[in-house]
Amino acid sequence: MSAADEVLRSSPIAVDRLVDAEGRLRRELPGPDGEGAVFSARQAAAIERQGETLVSAGAGAGKTSVLVERYLRLLEGDDTLSTSAVLAITFTDKAAAEMRERVRLRLEALVGGDVELPERWRLEDAWIGTFHGIAQRLLRRYALAAGVDPDAEVADESRARELRHLAFERALTAWLDDPLRARGGVAPEGPPDALPADAGAALGLAAAVGLDALRDETLGLLALRRTQGRDPAMTGGRALPAPPDVDVAVRAALRALVAAAEPAAAEARAVFDEGRPTEAGQRALDLVLDAVSNVLGDVGDPEAPAAALPAAEVLAGWTMPTRSPKVGKGPAVGALRDAIAAATELARAVEVLPGAERDLRLREALLVATSRAYRRLKRDRAVMDFDDLLLALLALLERRPDVQARLRARFRQVLVDEYQDTNPVQLALVERLSAPEARFQVGDRLQAIYGFRHATVAGFDDAARRADERDGRLLLDETFRCPTDVLALANRLGDPAHDGYQPLVGGHGRTPQDTREAPAVEVHVLAEDPRPAATRSAEPDEAAEDEVAPGEPEYVAGLVAELVAAGRAAGDVAVLVRRTAPVAALERALLERGIDAVPVVASPLLRTLEAQELEAWLRAVANPLDDVALLGALRLPTAGVDADGLVPLAAEHREALTRAREARTPAPSLWDTLRATGAVGHVPVHVVPDDARDELDLQTMALVRHRGLARRAGPAALLADLRANEAYRSAILARPGGPRRWAVVEAFVAWVEDQEAAGDDLAGVLARIAADRDGPDAPVLTDGDAVRITTVHRSKGLEWPVVVLCDLGSPINASRAGILLDADPDSTLVGLRTSAAGEPVRLWDYDALAAAADRAQAQEERRLVHVAVTRAKERLLLCGAWPRACEGSGAERVVLDRLDETRALPGVPDEHDLAPRTAPLRWVLPLAVPVGAWPGVGAEGTFEVRDPTGRIPVPAGVRVVVADPAAAPVTVGEAPAPVPTAEPAGHAWDPDQAGHAPEPPPALPLPDPVSYSALAERLGLEHDPGDVRHERPAADEERTDDDPAGLPATPPPTLFTTAALDARTRGVAVHGLLEARLGGPAPPAATGRPATGDDVRAVLAEEAPGLGDLDAHDAEALLAMAARLEATAVARRALALPAGGRHVERPFLFDVGAGRPLVQGVVDLWLDDGEGRTTIADWKTNRLGGRAPRAIVERHYALQRDVYALAALLAGAERVDVVFVFAEAPDDPTVEWFTAADADDLRDRVAAEIDRAGRAGARP
């Protein structure tokens, strides 16, 4: 550049600060020697590129630096361009703030502190933000034209979710009364009776689907359609696609039958004549010939005007042989078999079409009604949700071409980050706000992982195609984050698993900053027993998390402990999971190792301990006669009330209950007892110590004061008073993770303030808590030196020195809704799942849409693995469970000390998508290490992994460990040794103490209150032989051609034999049936009407909504099991009692004293027999395995018996009979009775078990 040119430039930035002597773009200011880091050639090309550009930026390729520099160079290179003319759109507010700050720092560094920035560079005017933030800013400027309130509040997601649920409830009420009126009084096109106005059709649909499933599916459709720009409340005509004409499918099925018939007959005769005649072969031939005869005789001309399929019942009778006899193995016979099966399914669908079309229109009416109700609620409250911002702006631009032209002229350059995560509405906004030549789009197809938010990678693919046509697609594939070993593994996994995979290059060879003697990449495989777990509980009243591989949380904690012992700071380590189910178990396992851990995941605020404590206080203020709430309020850490005060109070309350019962007067509440013990002249039987009495008095006075305050102030004032209590604040901060817990308190108080501002009083807030405990998320604080536990979705854009990716052995949860639409907003595909005669029927495009959804989810799962792998800066550890190999079958089945190689899945995408629910480890491990080379159980090896793309020339060393999850994780070295854990100074572990492990850390405290289930889990009391399923024959038991068993046969349904339900779900269904049959003032069981399959489905729709259609055999097995229990003497006695003496699913809560946790639980059946006698019945649905019921109870359920008995005695019973009834032996109940004289012994036994459980803890 000449001196004259330099003078003409208005930029205050010296040219030598931007480029070096060789013309390369600088990343940093030059040092004293004139040198400095520069952008790579590809980065520089992206920064300086003119015209429409799509930058495919791999993980760790420096895309944020490129975006910042691109923004700066646009301003620096064009004197007419200002910050108000450049639109930069990011995916999150955090990314927007980071970009704004980096632009500011870069500008200040380049200009220098003594030079004032030009006016056009003012960052106060910069348009840097998220889609929603930009839309909100524009709508404020064009509020009148857009028809929106410029001062409307933008509701956060929890508030919006609450309004959507309320909208559904209101819409549902109107819809059940009159679907047509609920829709707005206008029916979409179609037959006049397609949308009936009577309540019966809507009620029938709601009963068949279940209210929860109907709500979830309706709100899911609403979210999908709004992100597609198809708001049902604003869409003219149909809000859902019209179903396709079934005539085309019928004719195609008829053609397939006719075409397959004669070839199948010819092939079957030829195969039979060539082989040795057998009875099985002759029967198979007869089946084929009969089916062909039926086709030729009953199937008419497919081209006839009134062509129709035979009835489904007729087609179902056209039995074909299985593939076991040779006659049934040929391709022609197989084609006929498939044609008959397809025709049968289609015929079943045709029979239900009239009702299905009506149901589709009813669903569409409910969807429109819900959308309309949602709009009204938002308008009444002057709020908008995030989608409203985008939809309102898009509608404005579509309606006002002049506004669109003005904004296009204003935004001369548009930069969009994370382009692969956009949805159809966001894509449309980009197109309308910018000319193609002004767009600079950055993204990575391999990081498209937000399909659950209806983001679609299709927009990125379309932009890539357009950019390719203009040579505007640039690659940033050089990563500066990961070591080369990690990149080699990423390419090894990614190249076969993704079509058009963009390999990563670069990487670094820096040595990990720890003393761990292992390669940078490790794969830890937990060899699990594939047989049913004998210790897995099947009790429906024992809450369990979503299944996590046994021992994996403890194993991962052991790996982290090794890393910490090798010099790693806990904050250097991130544990990533694909789902939230393992998070709690991982946190517990790490804390038990003495390692602080922070779950960086969304968790419900209202389910946290601190929120539930404050809720109990508010409930006691509202109603001090609620004994459970009052007990929780007394324990609130404001006055220091502990067991010294609560135990005597509970004992005194029992005395008061006994006196009332003897005097036949109304039973006092705990509040009455509390007030009486403080009254002048009262002589207590159980004396409360003076200090404890003072604490109780203070707490009682505070409660009374708050009851007075509640008459003139709302719940927010009550909580503000508690928050200002220094004793309460100190007690919360003194708990483990105190600052995080206090943040939860602050968040709960803020949430209650919001509810009060929205119009809720104390009763309204308490009702809202009960209705939506999964509503707002608790705050997440990540300060401090702690291991981060987070999902892969939340890890995007972040990096850590060490990444542990676990839970890779868990399958994908891919349940599908009853109604499906295409992700493409312009698609007319629609699918509906219904049932006929107890059999599932999938209509129209359901199978195609479900297959597409499965394929998309499988692809996204592979991208999740890629994202997780590329978060690692120094070390990467993969972990997951894999079944062991077995030999034999049934009782002779033997587990081997090697992995089951048949479970391996190829990494080729097409083959992958055939098994979309398969655990990721099934394809990751075979790609990393050849199947035949895997170590045996308890062994390990180091293997070379080569990059198939050749971009990483040096092979990576990968350590593979196959471990028994029951054993501690092995350490690196010649011989395994105990893993030392953090200990107090002066008590360091000495490895020379042969055979002695270090003192284990103390167990985590039991939850308070604690349930019987938690105690039993700690003590290892749960015992169930496992689920009985239809076992596949072993490989060496394959049936021969002569085996008649190879012919079709339907196994009869038997008790405990369910094809699709595990033991726990089976137990949930049976308990739910009994609750419905025995509960209420007019129990259905008393009428003599037996339970039906519909009753079973209604229970499962409530208890297991994601289960899908119920197999008819399963329904019969569940009904048989429930009928056995319903016919028992204790159930008949329950029906003979009035409703006031019969309690189904009754909760209890009591204190055993000495500062131990309270004990809580739920009893299946509680009968007040009169005269102080109580009977408690517990239903057992697990197998006996040939053992006597009493033996099982004595060995595994003695604690449960004691807990139930003590609960009844403390509630005032003089005698209690505890009855255990097993469904497998309903005529052999186990009964034991107790009297009030046994209460002290029972309390001591339960207390001893609580103490033992506290010591047993889940120690490593």
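Please go through region 382-402 and pick out each residue that is among the charged types (D, E, K, R) and over 18 Å from L219 (Cβ atoms).
Initially, region 382-402 is screened for residues among the charged types (D, E, K, R), giving 385, 387-388, 398-400, 402.
Correct list: E398, R399, R400, D402.
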Problem set entry | Selection within region 853-901 - of a type in the set (G, A, S), out of contact with any helix residue (DSSP H, G or I) (no Cβ under 7 Å at 6 or more places or on another chain) and assigned to a loop (DSSP other than H, G, I, E, B) | G888
Seminar exercise, completed: In the set E279, E274, E217, the lone residue that is of a type outside the set (A, V, I, L, M, F, W, C) and without any contact (Cβ under 8 Å) to a residue 12 or more places away in the chain is E274
Exercise. Just one of V248, V314 is more than 30 Å from R183 (Cβ to Cβ) and assigned to a helix (DSSP H, G or I); which is it?
Worked result: V314
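Conditions tested, residue by residue: (1) closer than 19 Å to V505 by Cα; (2) modelled with pLDDT of 85 or more; (3) out of contact with any helix residue (DSSP H, G or I) (no Cβ under 9 Å at 6 or more places or on another chain).
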{"residue": "D5", "(1), (2), (3)": "no, no, yes"}
{"residue": "V15", "(1), (2), (3)": "no, no, no"}
{"residue": "D20", "(1), (2), (3)": "no, no, yes"}
{"residue": "P30", "(1), (2), (3)": "no, no, no"}
{"residue": "Q43", "(1), (2), (3)": "yes, yes, no"}
{"residue": "G51", "(1), (2), (3)": "no, yes, no"}
{"residue": "A57", "(1), (2), (3)": "yes, yes, no"}
{"residue": "L67", "(1), (2), (3)": "no, yes, no"}
{"residue": "T83", "(1), (2), (3)": "no, yes, no"}
Exercise. Can you name every residue in region 267-292 that is over 51 Å from the mean Cα position of the chain (by Cα), exposed (fewer than 15 other Cβ atoms within 10 Å of the Cβ) and in a helix (DSSP H, G or I)?
Worked result: R269, A270, D273, E274, E279, Q282
Exercise. Quick check: anything in region 716-727 basic (K, R), assigned to a helix (DSSP H, G or I), touching an Asp or Glu at 6+ places or on another chain (Cβ under 7 Å) and surrounded by 13 or more Cβ atoms within 10 Å (Cβ to Cβ)?
Worked result: no
Exercise. Got at least one residue in region 297-312 being more than 30 Å from L829 (Cα to Cα) and in contact with an Asp or Glu (Cβ under 9 Å, 6 or more places away or on another chain)?
Worked result: no
For this session: Inspect all residues belonging to region 803-816 and state whether any of them is under 23 Å from H454 (Cα atoms), surrounded by fewer than 18 Cβ atoms within 10 Å (Cβ to Cβ) and of a type in the set (G, A, S).
Result: yes
Seminar exercise, completed: Condition set β-branched (V, I, T) and part of a helix (DSSP H, G or I), scope region 1230-1254, selection modelled with the highest pLDDT: answer is V1246
For this session: Mind listing just one residue for me: the one in region 322-334 that is under 11 Å from V271 (Cβ atoms) and modelled with pLDDT under 85 and, of those, surrounded by the fewest Cβ atoms within 10 Å (Cβ to Cβ)?
Result: K329
Exercise. Given the conditions (1) under 27 Å from E839 (Cβ atoms); (2) crowded, with 20+ Cβ neighbours inside 10 Å; (3) of a type in the set (A, V, I, L, M, F, W, C); (4) not assigned by TED's automatic domain parsing to the domain that holds D216, and given that V314 satisfies all but one, which numbered condition is not satisfied?
Worked result: (2)
Seminar exercise, completed: From the option list L87, L123, single residue qualifying as loosely packed, with under 15 Cβ neighbours inside 10 Å, under 28 Å from F386 (Cβ atoms) and in contact (Cβ under 8 Å) with a residue 40 or more places away in the chain is L123
Exercise. Which residues, taken from region 1236-1256, are of a type in the set (D, E, K, R) and in contact (Cβ under 8 Å) with a residue 40 or more places away in the chain?
Worked result: R1243, R1245, E1249, D1251, R1252, R1255
Problem set entry | Residue in region 1215-1229 that is in a helix (DSSP H, G or I) and modelled with pLDDT under 90 present | no
For this session: With respect to L696, determine if the residue is part of a helix (DSSP H, G or I) and crowded, with 18+ Cβ neighbours inside 10 Å.
Result: yes
For this session: Go over the candidates R588, R578, R635, R619 one by one and state the one that is crowded, with 19+ Cβ neighbours inside 10 Å and either touching a strand residue (DSSP E or B) at 6+ places or on another chain (Cβ under 9 Å) or not assigned by TED's automatic domain parsing to the domain that holds R712 (or both).
Result: R578
Exercise. What residue, among those in region 304-348 that are of a type in the set (A, V, I, L, M, F, W, C) and in contact with a Gly (Cβ under 9 Å, 6 or more places away or on another chain), is nearest to A280 (Cα to Cα)?
Worked result: V327
For this session: Find all pairs meeting these conditions: Cβ atoms under 8 angstrom apart; at least six residues apart or on different chains; first residue within region 867-885 and of a type in the set (D, E); second residue outside any strand (DSSP E or B).
Result: E874/R510; E874/P512; E874/Q513; E874/A520
Problem set entry | Condition check for T665: without any contact (Cβ under 8 Å) to a residue 60 or more places away in the chain and either buried (at least 20 other Cβ atoms within 10 Å of the Cβ) or more than 28 Å from V560 (Cα to Cα) (or both) | yes
For this session: Quick one: V704 ticks every box in (1) surrounded by 18 or more Cβ atoms within 10 Å (Cβ to Cβ); (2) under 23 Å from P648 (Cβ atoms); (3) out of contact with any Gly (no Cβ under 9 Å at 6 or more places or on another chain); (4) not acidic (D, E) except a single one, so which number is it?
Result: (1)
Problem set entry | Subset tally (residues that are within 25 Å of R238 (Cβ to Cβ) and polar (S, T, N, Q)) for region 829-868 | 2
Problem set entry | When residues of region 164-210 are limited to those that are at pLDDT below 90 and of a type in the set (D, E), the one nearest to A365 (Cα to Cα) | D178
For this session: For V333, state whether it is touching a residue at least 60 places away in the same chain (Cβ under 8 Å), closer than 29 Å to R842 by Cβ and not assigned by TED's automatic domain parsing to the domain that holds V841.
Result: yes
Problem set entry | Close pairs from region 415-430: first at negative phi and part of a loop (DSSP other than H, G, I, E, B), partner at pLDDT 90 or above and β-branched (V, I, T), Cβ under 7 Å, at least 6 apart | D417/I89; D417/T90; D417/V442; N423/T227
Exercise. So is V600 among the β-branched types (V, I, T) and closer than 18 Å to A702 by Cα or not?
Worked result: no
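The values are calculated or read from the model by the stated rules, or taken from the named source; none is laboratory data. The structure presented is a predicted model; accordingly, all values stated were derived computationally and were not measured. So basically every Cβ, Gly included, is an ideal-geometry build from the backbone, and we count neighbours across all protein chains shown.
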